[in-house]
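The values are calculated or read from the model by the stated rules, or taken from the named source; none is laboratory data. Model, not experiment: these values are computed from the prediction. Cβ placement follows ideal geometry from the backbone for every residue including glycine, while neighbour counts extend to all protein chains displayed. SASA here: full protein model, heavy atoms, side chains in, ligands and nucleic acids out. Shrake-Rupley method; radii C 1.70, N 1.55, O 1.52, S 1.80 Å.
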Amino acid sequence: MRNFSFVLRSVNRMCECGMGIVGKRSDFMYISKRRLSTFRKLNAEDGILPVLIVGAGPVGLVLSILLTKLGVSCAVLEKSKALSLHPQAHFINNRSMEVFHKLDGLEEEIQKSQPSVDLWRKFIYCTTLSGSVLGSVDHIQPEDLEQVVSPVSVAHFSQYKLTRLLLKKLESLGFHIQACDGLEAHMSVRKGEILMGHECVAINETDHCIDVVASFHKGEEYMVRNIQCHFLVGADGAGSTVRKLGGIDMKGERDLQKLVSVHFLSQDLGQYLLKERPGMLFFIFNKEAIGVLVAHDLMRGEFVLQMPFYPPQQKLEDFNPKTCEKLIYKLAGQKLEDVDVIDIKPWVMHAEVAEKFLSYDNRVILAGDAAHRFPPAGGFGMNTGIQDAQNLAWKLASVIHGIASTTLLRTYETERRPIAMFNTELSVQNFKAAMAVPSALGLDPTVANSVHRVINDGIGSVLPFGLQRVILDGIFTVGRAQLAEAVLNESNPIGSTRLARLKRIFEEGKSLQLQFPAEDLGFRYLEGALVPDRHTVIPEAPPTGRRRAYVPSADPGSRLPHMKIKALSDAPTKEAFSTLDLVSGDKVEFLLIIAPVQSSYNLACAALKVAEKLKVAIKVCVMWPGKSTNATELERRVLSLPSENCIDVLEVKKSPSSPSWWDICQMNDRGAILVRPDEHIAWRTRSEIDADPLLKMEKVFSLVLGFELEDVHLKGS
């Protein structure tokens, strides 16, 4: 066992020479060249762009980076002439930060640039920002910062700032932003271009590509250009043009709530909150105004105020900068001298998922908000989209590089759509939890929405418009009267009961939640580019809307568990790193994790042999137990340097009683784990396999990559 790594590398050389590796057999696998030759490489040399991405938001830009790092040429179209400075999404969960960890230091840049966690860990409920605090919830637990279940931590970082960092990463990869003013319609689109002011207006399918018609303005002149690509990805947001042109409908709940978003700056307010009550979200309830304030950056004094919006009785013009300033004063409980309203925009909250993520024979693909629209509660929108990009990138790269057939792309929808459906339900539950607070205070949001519907669609629609507005304003005034200090205090029996109810909501974790570790890290693909473990599938628990702990799992479809390890040859001197870091971010490469035992050695050799025949990159990781720290053993292992497709690592435990790697994975050390390029588990065996390892690994790779091996000849015996 101690000389296992040396033996494995010797067998690697035997494999290269075509020598037998299992028992006395001199068998080797022959794979039909005719079948594999159908996996034609799709590169830019034929004048067709491999991938065209519509939308330069976080999802489109992350996908661009991932594809470029995997050797896939792509370009981006963006409808807007300039990228938005509206903060929008701001919470980045663990899984997205793990994706960023692989993007050349992006995760570290975000951690350095974001506010200190103590400035945003709480949600605060109050009558005004300077008035009575009704309650607060701390959403950061000690384990969130200790890197126990993940090598990274969550972050609070505005979307426009993230976009800037993503663009810097793309520039370092050779991308450049191209304004439409200097373009001509006949000019071809080259890889690495981000074309601003370009709107996708038509999609046509041909026998060999997707033909995209994009419009742009050059000065006053309207122009169109044709762009040919092998694959078109619509990452163009909730109102996706690509989705509409593809004839794909959205399914779910529409118009959950209409709101107005006010982006403003106030250093006075930022400094006050820094000193008195720092937090991420402030839920403000008083008889003059109701709103939710998102503190994007207290140091800079950057905020977004969200307020309910009831058109057509209320008009966007009613929320002009001066009116918004007055509302901010009412919510702050004091006049602020430096309020600068930057932007005011309406938006509608939906909970919908596209009926399909693929169209045009798997060549037009939806990702991010184009594929799913969630309430913002819990921050699932951008995070789910980033994970869409991670799932899609390695599959597109595999197809474009000729490793797999286009059928692999079907697994993108098979895997990601159920996750989107689950996250939709979870975000709706979290939104309803948010509504529990005003309900406890005597404000039932469903009443206002019901009255609004009656006014718009029921008998109220026949009333004069001015009277409709008076009725609606009157209902709001009566509702806000429940928040008067005369009512909402411990001396008032009604107020005392309501405050006690509110306290129970906070204590029982039934208010709006920020983190969902079980879902953020523990989501699992039940079918797709994996080999399901039919014997251990446990029905997934429905979303509860409450925070649940993440439990590591090595079940197929799960994210690879995190554990700190050290490269064995460098164990005395090098820093520990995560098991997730074993998965390459720079090429389509699978990872096989085994223990230093003979049966696993046979399996690893078989995997290397099959991967070589299929031209699939694979790395073997030998996981040595943490207790193997005998100096003589370590010295011998250090002398046996890892080859380019094998690495020896040593478990790094927090304490002697901490579980081993195989305990974390709920397996024994005769098992093995095959990990995909997106860090999700493609296949595992809990214990030693009885079948011929060559046949087993051939079946595993064919199921994962979605092809059929027509001829497998075993020669000799």
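State which residue is nearest to Gln159 (Cα to Cα) when the search covers only region 230-278 and only residues that are free of Cβ contacts under 8 Å to residues at least 60 places away in the same chain and out of contact with any helix residue (DSSP H, G or I) (no Cβ under 9 Å at 6 or more places or on another chain).
Per the criteria, the residue is Gly270.
Mind telling me which of the residues Ala377, Ala434 ends up being in contact (Cβ under 8 Å) with a residue 24 or more places away in the chain and in a loop (DSSP other than H, G, I, E, B)?
Within the list Ala377, Ala434, the selection yields Ala377.
Filter region 186-218 down to residues that are assigned to a loop (DSSP other than H, G, I, E, B), closer than 17 Å to Lys81 by Cβ and of a type in the set (Gly, Ala, Ser), then give me how many there are.
Number satisfying all stated conditions: 1.
Quick test for you: out of Lys615, Lys619, Lys653, pick the one residue that is modelled with pLDDT of 85 or more and out of contact with any strand residue (DSSP E or B) (no Cβ under 9 Å at 6 or more places or on another chain).
Details: Lys619 fails: out of contact with any strand residue (DSSP E or B) (no Cβ under 9 Å at 6 or more places or on another chain); Lys653 fails: out of contact with any strand residue (DSSP E or B) (no Cβ under 9 Å at 6 or more places or on another chain).
Result of the check over Lys615, Lys619, Lys653: Lys615.
Being closer than 16 Å to Lys335 by Cα and of a type in the set (Asp, Glu) is the filter; apply it to region 249-305 and report the residue that is farthest from the chain's Cα centre (by Cα).
Glu288
Looking at region 89-101, is at least one residue open to solvent by 20 Å² or more (accessible area, probe 1.4 Å) and more than 18 Å from the chain's Cα centre (by Cα)?
Within region 89-101 (the criterion being open to solvent by 20 Å² or more (accessible area, probe 1.4 Å) and more than 18 Å from the chain's Cα centre (by Cα)), the answer is no, since none of the residues qualifies.
Can you tell me which residues in region 154-174 are small (Gly, Ala, Ser), crowded, with 19+ Cβ neighbours inside 10 Å and not in a strand (DSSP E or B)?
Ser158
Given the condition part of a loop (DSSP other than H, G, I, E, B) and either touching a strand residue (DSSP E or B) at 6+ places or on another chain (Cβ under 8 Å) or open to solvent by 20 Å² or more (accessible area, probe 1.4 Å) (or both), answer yes or no: does some residue in region 250-261 qualify? Explain how you work it out, then say what you get.
First, the residues of region 250-261 that are part of a loop (DSSP other than H, G, I, E, B): none.
Checking region 250-261: not a single residue is part of a loop (DSSP other than H, G, I, E, B) and either touching a strand residue (DSSP E or B) at 6+ places or on another chain (Cβ under 8 Å) or open to solvent by 20 Å² or more (accessible area, probe 1.4 Å) (or both).
Can you tell me how many residues within region 293-351 are assigned to a helix (DSSP H, G or I) and over 29 Å from Leu274 (Cβ atoms)?
Qualifying residue count, region 293-351: 3.
So which of Val72, Val62, Val76 is in a helix (DSSP H, G or I), out of contact with any Cys (no Cβ under 9 Å at 6 or more places or on another chain), among the aliphatic types (A, V, I, L, M) and open to solvent by less than 10 Å² (accessible area, probe 1.4 Å)?
Criteria check complete, one pass: Val62.
Residues checked against (1) in contact with a Pro (Cβ under 6 Å, 6 or more places away or on another chain); (2) modelled with pLDDT of 95 or more; (3) within 30 Å of Asp678 (Cα to Cα):
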| residue | (1), (2), (3) |
| --- | --- |
| His296 | yes, yes, no |
| Phe309 | yes, no, no |
| Gln313 | no, no, no |
| Asp318 | no, no, no |
| Thr323 | no, yes, no |
| Leu366 | no, yes, yes |
| Pro376 | no, no, yes |
| Met382 | yes, yes, yes |
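Filter region 402-424 down to residues that are open to solvent by 40 Å² or more (accessible area, probe 1.4 Å) and either at positive phi or at pLDDT 95 or above (or both), then give me how many there are.
6
Using the structure shown, decide if Ala554 is assigned to a loop (DSSP other than H, G, I, E, B) and buried (at least 21 other Cβ atoms within 10 Å of the Cβ). Outline the logic, then answer.
Working: assigned to a loop (DSSP other than H, G, I, E, B): yes; buried (at least 21 other Cβ atoms within 10 Å of the Cβ): yes.
Yes.
Residues that are without any contact (Cβ under 8 Å) to a residue 40 or more places away in the chain and either open to solvent by 50 Å² or more (accessible area, probe 1.4 Å) or among the basic types (Lys, Arg) (or both): does region 301-308 have at least one?
The initial filter retains those residues of region 301-308 that are without any contact (Cβ under 8 Å) to a residue 40 or more places away in the chain, namely 301.
Those left that are additionally either open to solvent by 50 Å² or more (accessible area, probe 1.4 Å) or among the basic types (Lys, Arg) (or both): none.
Checked region 301-308: no residue is without any contact (Cβ under 8 Å) to a residue 40 or more places away in the chain and either open to solvent by 50 Å² or more (accessible area, probe 1.4 Å) or among the basic types (Lys, Arg) (or both).
Would you be able to say whether some residue in region 212-222 is open to solvent by 20 Å² or more (accessible area, probe 1.4 Å) and under 25 Å from the mean Cα position of the chain (by Cα)?
No, because not a single residue in region 212-222 is open to solvent by 20 Å² or more (accessible area, probe 1.4 Å) and under 25 Å from the mean Cα position of the chain (by Cα).
Which ones in region 346-372 are under 28 Å from Ile65 (Cβ atoms) and open to solvent by 30 Å² or more (accessible area, probe 1.4 Å)?
Matches in region 346-372: Trp347, Lys356, Tyr360, Asp361, Arg363, Asp369.
Before we move on, is Ser136 polar (S, T, N, Q) and without any contact (Cβ under 8 Å) to a residue 40 or more places away in the chain?
No; evaluated as a whole, the condition is false for this residue.
Which residues, counting only those in region 223-238, are under 19 Å from Ala371 (Cα atoms) and open to solvent by 10 Å² or more (accessible area, probe 1.4 Å)?
Once the filter is applied, which keeps residues that are under 19 Å from Ala371 (Cα atoms) and open to solvent by 10 Å² or more (accessible area, probe 1.4 Å), region 223-238 yields Ala235, Asp236, Gly237, Ala238.
Please count how many residues of region 183-209 are free of Cβ contacts under 8 Å to residues at least 24 places away in the same chain and either open to solvent by less than 60 Å² (accessible area, probe 1.4 Å) or at positive phi (or both).
Residues meeting the conditions: 1.
Kindly indicate whether Asp318 is in contact with a helix residue (DSSP H, G or I) (Cβ under 7 Å, 6 or more places away or on another chain) and of a type in the set (Asp, Glu).
no
Restricting to region 666-693, what's the tally of residues that are modelled with pLDDT of 95 or more and assigned to a loop (DSSP other than H, G, I, E, B)?
Within region 666-693, residues that are modelled with pLDDT of 95 or more and assigned to a loop (DSSP other than H, G, I, E, B) number 4.
Can you name the residue in region 458-507 that is charged (D, E, K, R) and assigned to a loop (DSSP other than H, G, I, E, B) and is also most open to solvent (accessible area, probe 1.4 Å) among such residues?
Once the filter is applied, the top-ranked residue is Glu485.
Need the failing condition index for Pro151 against (1) modelled with pLDDT of 95 or more; (2) in contact with a Gly (Cβ under 9 Å, 6 or more places away or on another chain); (3) not in a helix (DSSP H, G or I), just the number.
Among (1) modelled with pLDDT of 95 or more; (2) in contact with a Gly (Cβ under 9 Å, 6 or more places away or on another chain); (3) not in a helix (DSSP H, G or I), Pro151 violates only (2).
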